[in-house]
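Asker: One structure is given below, represented as structure tokens, and several questions about it will come after.
The values are calculated or read from the model by the stated rules, or taken from the named source; none is laboratory data. Predicted model, so just to flag it, every value in this text is computed and none were measured. Every residue, glycine among them, receives a Cβ derived from its backbone with ideal geometry; neighbour counts consider all protein chains shown.
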Amino acid sequence: MIGTDIFTAKRFLEAGDVVGIPTETVYGLAANALDSNAVLTIFRVKNRPAFDPLIVHTDSPEKVRGLVLNLPPLAEKLASAFWPGPLTLLLPKQPHVPDLTTSGLPRVAVRIPNHPLTLSLLKQLDFPLAAPSANPFGYISPTTAGHVADQLGNQVPYILDGGPCQIGLESTIIGFDEAEQPTVFRLGGMALEQIEAVTGPLPVRDHSSSNPAAPGMLSSHYAPRKPVTLLLPDQLPTPSNQAGALVFSNWLPGIPASSQLRLSPAGDLGEAAKNLFAYLRLLDTMPVSHLYVQLAPNQGLGRAINDRLRRAAA
Ligand code: TXA
Ligand code: MG
């Protein structure tokens, strides 16, 4: 069932069930992060391997402090600059955060999402919500309640409909090591330039290969169900009536315009991010045999867009 009633969502969550929740980034598949059985249901519904840890969502910095051992000064600065917002911090977990939630890792991923419905839901719950993106493992993240219903509807008793996601890319993940040094684990909905304005230059973890420390970063993670060829911004496709394309702002020559989707005709990276996953889904339903995807300018949200496009093509 899809609806807008946070009390219905609350009832299911308190009973240990999973609920689809809106955030500004993508829709999440939420359950009580402190209840191993509820968390197990997330893994089962998503068909997600147990080695891929979940992000824990709360509505206040005080509640975040109750989940982590300490908040390094730089993490504190990032939190006050960008929460609620599309930023996730990886910090040493308190013992009561179940190992299942963090896949046995010593750190927990925490974030305060910026969506009014989900914030008021979180405020009324006396536990935080573990929530991976609400898609079957390895597929494209959902940016509308309808996407969640299409793929997981019969296994999710309630989907809270908060409209289309305003950012459209998963959160940027920043991890802190024992020496409290930050590293970018995942490019995402918070532009790296904005984060580095607070932290200074950051190392970006290479996640092109299978990496047990950040398993959600497996290449091919966003794969649509058709063969994908990546195009650099100035590269041209082999002309074909059978091909489809996802372009940044200008039509490609040699491919029917009716088989092309433009992420942002105006060339706006925010608009492109917002359309990205919905358009990848649309391409999957188009009567074409293979897809071209064109990279966006590699700056701001363009870096995260290109990261997702590269993995869609992997
Ligand atoms: O925007 C988002 O972050 C969305 C919304 C729902 O909040 N959530 C999301 O979750 O994208 P998910 O599960 O699709 O991606 C989370 C990724 C994991 O795949 C993993 O790579 C990383 O975050 N992660 C989570 N906990 C971690 C941990 N303890 N150590 C290392 N990586 C972790
Ligand atoms: Mg995901």
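Asker: I'd like the residue in the range 67-81 that is at pLDDT 95 or above and exposed (fewer than 14 other Cβ atoms within 10 Å of the Cβ) and, out of all such residues, is farthest from residue 19 (Cα to Cα).
Answerer: Looking at residues that are at pLDDT 95 or above and exposed (fewer than 14 other Cβ atoms within 10 Å of the Cβ), I get 73.
A quick yes/no check of all residues on (1) farther than 19 Å from residue 312 by Cα; (2) part of a loop (DSSP other than H, G, I, E, B); (3) within 13 Å of ligand 2 (Cβ to nearest atom); (4) of a type in the set (Ser, Thr, Tyr):
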site: 139; (1), (2), (3), (4): no, yes, yes, yes
site: 147; (1), (2), (3), (4): no, no, yes, no
site: 150; (1), (2), (3), (4): yes, no, no, no
site: 154; (1), (2), (3), (4): yes, no, no, no
site: 163; (1), (2), (3), (4): yes, yes, no, no
site: 169; (1), (2), (3), (4): no, yes, yes, no
site: 175; (1), (2), (3), (4): yes, no, no, no
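Asker: On to the next question. Of the conditions (1) within 26 Å of residue 195 (Cβ to Cβ); (2) touching a residue at least 40 places away in the same chain (Cβ under 8 Å); (3) not acidic (Asp, Glu); (4) not in a loop (DSSP other than H, G, I, E, B), residue 296 clears all except one; give me its number.
Answerer: Residue 296 satisfies all of (1) within 26 Å of residue 195 (Cβ to Cβ); (2) touching a residue at least 40 places away in the same chain (Cβ under 8 Å); (3) not acidic (Asp, Glu); (4) not in a loop (DSSP other than H, G, I, E, B) except (4).
Asker: How many of the residues in the range 124-159 are within 12 Å of ligand 1 (Cβ to nearest atom), of a type in the set (A, V, I, L, M, F, W, C) and in contact with a strand residue (DSSP E or B) (Cβ under 7 Å, 6 or more places away or on another chain)?
Answerer: The number of residues fulfilling the criteria is 5.
Asker: Here's another thing I want to ask about it. Determine, yes or no, whether residue 225 is more than 20 Å from residue 166 (Cα to Cα), touching a residue at least 24 places away in the same chain (Cβ under 8 Å), within 23 Å of the chain's Cα centre (by Cα) and not in a strand (DSSP E or B).
Answerer: Yes: the conditions hold for residue 225.
Asker: Additional query: Taking the options 110, 97, name whichever one is assigned to a strand (DSSP E or B) and in contact with a strand residue (DSSP E or B) (Cβ under 7 Å, 6 or more places away or on another chain).
Answerer: 110
Asker: Looking at 13, 29, 34, can you tell me which residue is under 15 Å from residue 98 (Cβ atoms) and either surrounded by 14 or more Cβ atoms within 10 Å (Cβ to Cβ) or out of contact with any helix residue (DSSP H, G or I) (no Cβ under 7 Å at 6 or more places or on another chain) (or both)?
Answerer: Being under 15 Å from residue 98 (Cβ atoms) and either surrounded by 14 or more Cβ atoms within 10 Å (Cβ to Cβ) or out of contact with any helix residue (DSSP H, G or I) (no Cβ under 7 Å at 6 or more places or on another chain) (or both) holds for just one of 13, 29, 34, which is 34.
Asker: Scan (1) assigned to a loop (DSSP other than H, G, I, E, B); (2) within 16 Å of ligand 2 (Cβ to nearest atom) for the single condition residue 180 breaks and write down its number.
Answerer: If we test residue 180 against (1) assigned to a loop (DSSP other than H, G, I, E, B); (2) within 16 Å of ligand 2 (Cβ to nearest atom), just (2) comes out false.
Asker: In addition: For the range 108-130, does any single residue satisfy the condition of being free of Cβ contacts under 8 Å to residues at least 40 places away in the same chain, away from ligand 2 (no atom under 16 Å from the Cβ) and not acidic (Asp, Glu)?
Answerer: Scanning the range 108-130 turns up no residue that is free of Cβ contacts under 8 Å to residues at least 40 places away in the same chain, away from ligand 2 (no atom under 16 Å from the Cβ) and not acidic (Asp, Glu).
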